[in-house]
Amino acid sequence: MDFTFTEEQQAAVEAARAVFSDVAPDRVPSPALTPGAVAEDIDRHLWNELARTDLLGLTLSPDHGGAGLDPIALCLVLRESAKVLARVPLLESCAVAMAVQRYGGSALAAELLPLAGRGELILTVGANGRSGHDPAELAVTARPYGGSDAEPDGVAGGSVGGAGGSEGGAEESGWVLDGVQSAVPWAQVADWIAVPAHTTGGRPVLALVPRTRDGVTLADQVSTSGERLAEVRLDAVRVEARELIDADGCWDWLRYLLTTGTCALALGLGERVLAMTAEYTGKREQFGFPVATFQAVAVQAADRYIDLRAMEATLWQAAWRISTDAGGPLPAAGDVAVAKIWASDGVRRGVQTAQHLHGGFGADTDYPLHRFHAWAKQIELSLGPAAAHEEALGDLLAAHPLG
C-alpha cells in the first residue's frame, strides 16, 4: 500500500506543527487535581491561530473559502493536535462542516461554512446518544410540524433544502425534535449542534440546531480528560426544513469520519507518549546504565512501537476509504471498525506502558504524562471501545462473507 501524502497534505502538516509548537499540555489545571472542568472555555488563542492559518477551512471547498482537501488531511492535522492535547473542537467542527458540505443544502452551506472556516462559528455534534451504548440517532425523534405520526411523502431520499429535494410537505413547516444527546463535546461554546435523529419511519436524519434555540437545554458534564461536555436535551425544538439533512448515508458518513478522526487523535497521542518514554528511559539510570538499555524495558517499548505502526496503517486505510468512496470486500464501516479497535487498544496499552516505565515519576502531577493518560482513556472510549467495534466488525463479516 502507498501511504505517500500529497504536497498539499504535507503542507498542512507543516502548518499544523508550526501552530501547535507553542501549545503546552499543562496550560490549564490538572484534571487529577480539579473537581470539575479544567476550564470554562476552549483555547481561544489556539482556535484563532488555526483560523488565521486557514487550517479550519482545510477541508472546505474553495467556494466556501477553504482549501478543498480531504479527510486524510484533517486526520494529519488532528494527529499533530493530539501531541499537545490541543483543547479545541477541531474534529467536531470540521467534521460537521464536511457533512454539511457533502450532504446539506446550498442555503445551509452558504450560511454556515464560510463562518466555520474563518473560526467565527463553532460546530459540534452529539454522537453518543442517551447512554453512549445505543445508536445516537435513536435517542432523538424528528417529526413534521403538526404532530402527525405519518411519514410525509417523498421521505425516501434527498437532502432537505438541497439538491436532493425535500420531504414532501415538511419543507414548508419544518420539524420538531425531542430527545437527549449525552456527552456532547464543547456544546457550551458551540454555536450550532448537529443532532442525529430518527423519523417516525425509522430513517436516520441529521438536524443542525442553534445552541440558543428555544427548547434546547444544556446540563454540564465533565470528561475523563477534564474537559466540559454537556447533556443536550431537546424539548419540542423546532428546526426549519433547510436545517435538517435527510440524505441517505449522511449520518453514517459523519459517524465514520468522527471515528476515524478519533483514531488520528489516538495515534498522535500515542506517538508523543512513546517519545516521552524514550527520552525519560534514555536518561534515567540504574546500576550505572540507562534503563532504556535493559532488555525488559526495550521489549515493552518495541511492542508499543508495533502498536503505533498498526494504528497508523489501519487509520490511513479507513481515512482513504471515506475520502474516496472506494469499494472493498467489506463496506467502509469495516475499515473504520478495524482502525478504532487498534486505536482504542493501542492507545490504552501505550499510556499504561509509559506509566510503568516512568515509575513513580509518571504519576507526578507536575509532569504531563498523567494528562496524556486521562486523554487516552477518553479517546479509547469515545465513539465506542474496542469491544463494541469488534462486535460491529463481526456483524459485517457475517453479512459479507469473504472468500
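The values are calculated or read from the model by the stated rules, or taken from the named source; none is laboratory data. This one's a predicted model, so the numbers in the text were calculated from it and none came from an experiment. We place every Cβ from the backbone using ideal geometry, glycine too, and count neighbours over all the protein chains shown. These area figures cover heavy atoms from the full protein model, side chains too; ligands, DNA and RNA do not enter into them. Shrake-Rupley method; radii C 1.70, N 1.55, O 1.52, S 1.80 Å.
Annotation for the stretch 24-102: GluC sites (Glu not before Pro) lying in DSSP loop with at most 14 further Cβ atoms inside 10 Å of their Cβ are E40. Highest mean packing first, where packing is the average number of other Cβ atoms within 10 Å per residue, the peptides 56-64, 339-347, 14-22, 365-373 line up as 339-347, 56-64, 365-373, 14-22. Helix-only arithmetic for the chain: the sum of -39500 (n - 2.57) across DSSP H runs with n ≥ 4, divided by the residue total, places the mean residue ellipticity at 222 nm at -15000 deg cm²/dmol. Of all lysines in the structure, the ones whose alpha carbon falls short of 21 Å from that of K377, not counting any fewer than 8 places away in one chain, are K83, K340. Charged side chains reduced to their Cβ positions (Lys and Arg at +1, Asp and Glu at -1) give the chain a dipole of some 1060 debye around its Cα centre. Rounded to the nearest 20, the Cβ-based charge dipole of the stretch 6-138 about its Cα centre (Lys and Arg +1, Asp and Glu -1) stands at 200 debye.
Taking amide H as placed 1.01 Å from N in the peptide plane, the amide H of R211 sits under 5 Å from that of W192, I193, each at least 5 places away or on another chain. Of the solvent-accessible surface of the chain, computed with a 1.4 Å probe and all protein chains present, 53% belongs to carbon and sulfur. A simple rule links phi to the HN-Hα coupling: the Karplus curve 6.51 cos²θ - 1.76 cosθ + 1.60 with θ = phi - 60°, which for the stretch 227-244 gives 8, 6, 10, 8, 8, 9, 9, 10, 10, 6, 7, 8, 10, 6, 4, 6, 8, 10 Hz, with x for Gly and Pro. Amide H to amide H distances under 5 Å link L69 with T59, L60, where only residues 5 or more positions off or on other chains count and H is placed in the peptide plane.
Reported value for the stretch 224-338: 158 Å³ per residue, from the convex hull of its C-alpha atoms. With 5 Å bins beginning at zero, the pair-distance distribution over Cα atoms of the stretch 1-105 amounts to 2, 11, 22, 22, 17, 12, 7, 4, 2, 0 %.
Legend: translational diffusion of the chain by Stokes-Einstein, Rh = Kirkwood radius over C-alpha pairs, 25 °C, 0.890 mPa s; D = 112 µm²/s.
Under 5 Å between amide hydrogens, built in the peptide plane, is the criterion, and for I245 it picks out L206, A207, L208 among residues at least 5 positions away or on other chains.
Between the residues A264, T212, A298, the greatest Cα displacement towards the positive end of the dipole of the chain, with unit charges on the Cβ of Lys, Arg, Asp and Glu, is found for A298.
Relative to the longest principal axis of the Cα atoms of the chain, the long axis of helix 90-103 makes an angle of roughly 30 degrees. Normalised per residue, the accessible area of the chain is 42 Å², obtained with a 1.4 Å probe and no contribution from ligands, DNA or RNA.
May I ask for the angle, rounded to the nearest 10°, between helix 369-381 and the longest principal axis of the chain, with both axes built from Cα atoms and the value confined to 0 to 90°? Rounded to the nearest ten degrees, it is 40.
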